[in-house]
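Down below is the structure, laid out as structure tokens.
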Amino acid sequence: MKRNKTNGCFVVAVTVVFLLCSSLERLYAQDPLPPIARVLEPLNLPGQTKEMHSFGRLIVFHDSLPESFKHTADNVIEDSTRSMVPFFRKLNEMNGPVRVVHIGDSHVRGHVYPLVTRRCLESDFGAEAVYPDSITYRTGGLAHETGEPGLVYHIMGVNGATCVTFTTENKIKEIAALRPDLIILSFGTNEAHSRRYLAPVHEMQIDRLLSMLKKACPETVFLLTTPPGAYVGRRRSRVINPRTVTVSRIIREYARKHGMAVWDMYTVVGGKTDACKNWTRNHLLRADGIHFTPEGYRLQDNLLHQALIKAYNEYVATGLE
């Protein structure tokens, strides 16, 4: 494919996401999102064809970290065992629906954060697999499949959730029924919010959830993420949550120990010294010091999308294996 055509595809994809984001106006973290197309009509984004994926093309993107963010790290997924290769292979071959299930706490439940990632990946890999349902805070986040090949991205968030919230038989069955190729786990904010937090207990809780998921979904790939950072205490005496550092470390160490991929958003956006300061300095946090403005969630969205595409491009560039 010629370079100018690739750039044109990228511009079209960015325009679609920009129009979606522009229509959100002054949304709060969990406000309703507008529909982007008629219900029960497959979403066919221009510039993408199924044939494009059979040739291992690289996907063009731009980094989104603001220049004003201090002490940031490379926005990459750590995956020393290349555990995500089976998922990337399915994306490249696109012989049918490729399914992602994103589970987590209120950051996920608010839908702004994962929805933009979903739309970006639909643009990258094909949106014919899903109907463009109207997603609001009052609706569920599960995608409705058309049966066509393409990217399917399910959103399952629960307000106040920790990883323990999903360690029930019903939750595991609900996730397994979606037949995920990739499960993204985004927890940690609520674990860190507890003053009784104990790192060994947290690790055991992560292990219980992952053990249950692996048993129910033996062919599934997993991606763990660290929390974005938060404040604790009353507004006038609010301080940066000191437990987030430990929570993020436990998540990273668990992923490495068990050969899983991890996206360390906390370190990417500034870590212990500057993550929270970067959010507040750029007016991206809500008044509660925990949740984010739509712009803050869209930034997290773009960063997750870019980290996934970097990893996919590396897979393509290294001979598709």
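All told, Arg243 falls short of being among the basic types (Lys, Arg), in contact (Cβ under 8 Å) with a residue 12 or more places away in the chain and under 16 Å from His291 (Cα atoms).
Of the residues making up region 130-150, those that are open to solvent by less than 40 Å² (accessible area, probe 1.4 Å) and free of Cβ contacts under 8 Å to residues at least 40 places away in the same chain number 2. One residue is enough: does region 274-286 have a residue meeting the conditions more than 19 Å from Glu67 (Cα to Cα) and out of contact with any Leu (no Cβ under 7 Å at 6 or more places or on another chain)? Checked region 274-286: at least one residue is more than 19 Å from Glu67 (Cα to Cα) and out of contact with any Leu (no Cβ under 7 Å at 6 or more places or on another chain).
In region 293-321, how many are assigned to a helix (DSSP H, G or I) and touching a Gly at 6+ places or on another chain (Cβ under 7 Å)?
So the first thing to find is which residues in region 293-321 are assigned to a helix (DSSP H, G or I), and the list is 294-317.
Narrowing the set further to residues that are touching a Gly at 6+ places or on another chain (Cβ under 7 Å) leaves 297, 316.
Residues in region 293-321 being assigned to a helix (DSSP H, G or I) and touching a Gly at 6+ places or on another chain (Cβ under 7 Å): 2 in total.
Of the residues screened, His291 is not one that is farther than 27 Å from Val201 by Cβ and touching a Phe, Trp or Tyr at 6+ places or on another chain (Cβ under 9 Å). Step by step: first the residues of region 227-273, then only those that are touching a Lys or Arg at 6+ places or on another chain (Cβ under 7 Å) and within 30 Å of Arg82 (Cα to Cα), then the one that is most open to solvent (accessible area, probe 1.4 Å). Which residue is that? So, considering only residues that are touching a Lys or Arg at 6+ places or on another chain (Cβ under 7 Å) and within 30 Å of Arg82 (Cα to Cα), the one most open to solvent (accessible area, probe 1.4 Å) is Val245. Is it true that Val158 is farther than 27 Å from Phe88 by Cα and in contact with a strand residue (DSSP E or B) (Cβ under 9 Å, 6 or more places away or on another chain)? So Val158 fits the description; yes.
To keep it simple, each residue is scored yes or no on (1) over 18 Å from the mean Cα position of the chain (by Cα); (2) surrounded by 16 or more Cβ atoms within 10 Å (Cβ to Cβ); (3) at pLDDT below 75.
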| site | (1), (2), (3) |
| --- | --- |
| Met1 | yes, no, yes |
| Asn7 | yes, no, yes |
| Asp74 | no, no, no |
| Leu91 | no, yes, no |
| Ile103 | no, yes, no |
| His107 | no, yes, no |
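Exactly one residue out of Asn278, Asn302 is crowded, with 21+ Cβ neighbours inside 10 Å and either over 24 Å from Ala73 (Cα atoms) or over 19 Å from the mean Cα position of the chain (by Cα) (or both), and it is Asn278.
The values are calculated or read from the model by the stated rules, or taken from the named source; none is laboratory data. Because the structure is predicted, anything quoted here is derived from the model rather than measured. Counting neighbours? That spans all protein chains shown, and the Cβs are built from the backbone with ideal geometry, glycine included. With ligands, DNA and RNA removed, areas are computed over all heavy atoms of the protein, side chains included. Shrake-Rupley method; radii C 1.70, N 1.55, O 1.52, S 1.80 Å.
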